[in-house]
Amino acid sequence: MNKFFASLAACLLVLTSAFGSFAQEANSLLWKVSGKDVTKPSYLFGTIHMLPEDKYFFTDKMQAALTSTDVLALEVDIDVPLAEQMKMAGEMIMPEGKSWSDYMTAEEYAAVKSAFVDSLGFKEKKMEKYSRIKPIYVSGIILSELVGKVKMYEQELTSLAKKGKKTIIGLETFQEQMDIVSSVSLEDQMQDLKESTASMVRDYNEMLDAYVAQNLSELKKLSDDESFDKMEAKFLTERNDRWVKAIEAKLNSTPTFYAVGAMHLVGEKGLIEQLKAAGYSVEAVN
């Protein structure tokens, strides 16, 4: 489950990291939601879906916020039956037994192979094995191998919530997430593979440094990429709109710790601004 979830989560991490505009000045990953008829606050917590074990942090204030709530809400509940995991893993494979070379010229495929071998340090046999997986999922596999021992907030928070006997819910299902990812055409996936493979680790490390520093201003600079405008609605805006409705439905009755990718919190259409616009108080917890 660890590798499967890492590949899907990191895929969403790479895609959503290309969107968003940070309207907030406060450098914080934790935000308290109160006001209106809320009797006990809920919290928004921005995650990064995968990070090196030695970079992982969860402060006392974050722990206190989680402890004070009754429910942990993640993007998805990661406790998925094995049969469903196998079904979804099958959807990560290239169609009809094809590989990346079937979608590229010989020169393009040679350039991608060179990036894997020379820039990322993979052997050709491993690269050829990866070429049977849809490119959009490969980033997670590559990063999890190159980073070494990793931690994922989703798994760590699930463990903490179970210890605290809290209810755990998902704002959407794994299948819904995979349907969103699958909406990106293979042609677009191949184009991104050709353009970004060599810089994948560098881009991830820059994002990781900004995240660990809780530096939203720097994350904003790293997030500006006009090439992803056409996908922003599916990966951020539409999901945020659905999630805000689910969050509002619980705010007055169920104090909840919402842990979602940090890019979902920010920007004019992010969860923070949408909840503020609905009349709630949303304050950074530093």
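Filtering region 249-275 to residues that are more than 23 Å from L160 (Cβ to Cβ), surrounded by fewer than 16 Cβ atoms within 10 Å (Cβ to Cβ) and free of Cβ contacts under 8 Å to residues at least 60 places away in the same chain leaves only A249. Looking only at region 90-109, residues that are surrounded by 15 or more Cβ atoms within 10 Å (Cβ to Cβ) and either touching a strand residue (DSSP E or B) at 6+ places or on another chain (Cβ under 7 Å) or assigned to a helix (DSSP H, G or I) (or both) come to 7 in all. Within region 190-243, the set of residues being at pLDDT below 90, among the acidic types (D, E) and assigned to a helix (DSSP H, G or I) comprises D192, E195, D203, E206, E218, E226, D229, E232, E238. Number of residues in region 40-53 that are modelled with pLDDT under 95 and either among the hydroxyl-bearing types (S, T, Y) or not in a strand (DSSP E or B) (or both) equals 5.
If you go through region 148-164 and keep only what is touching a Pro at 6+ places or on another chain (Cβ under 8 Å) and of a type in the set (K, R), you end up with K149, K151.
Within region 156-164, does at least one residue satisfy the condition of being surrounded by fewer than 17 Cβ atoms within 10 Å (Cβ to Cβ), at pLDDT 90 or above, within 14 Å of H49 (Cβ to Cβ) and out of contact with any strand residue (DSSP E or B) (no Cβ under 9 Å at 6 or more places or on another chain)? Yes, there is a match, as at least one residue in region 156-164 is surrounded by fewer than 17 Cβ atoms within 10 Å (Cβ to Cβ), at pLDDT 90 or above, within 14 Å of H49 (Cβ to Cβ) and out of contact with any strand residue (DSSP E or B) (no Cβ under 9 Å at 6 or more places or on another chain).
Scanning region 27-76 for residues that are surrounded by fewer than 23 Cβ atoms within 10 Å (Cβ to Cβ), hydroxyl-bearing (S, T, Y) and either under 15 Å from L208 (Cα atoms) or under 15 Å from the mean Cα position of the chain (by Cα) (or both) gives S28, Y56. A246 meets all of the listed conditions (1) buried (at least 23 other Cβ atoms within 10 Å of the Cβ); (2) modelled with pLDDT of 90 or more but one, namely (1). For region 183-195, taking the residues that are surrounded by 15 or more Cβ atoms within 10 Å (Cβ to Cβ) and not charged (D, E, K, R), the one that is farthest from P81 (Cα to Cα) is identified as Q191.
The values are calculated or read from the model by the stated rules, or taken from the named source; none is laboratory data. Because the structure is predicted, anything quoted here is derived from the model rather than measured. Counting neighbours? That spans all protein chains shown, and the Cβs are built from the backbone with ideal geometry, glycine included.
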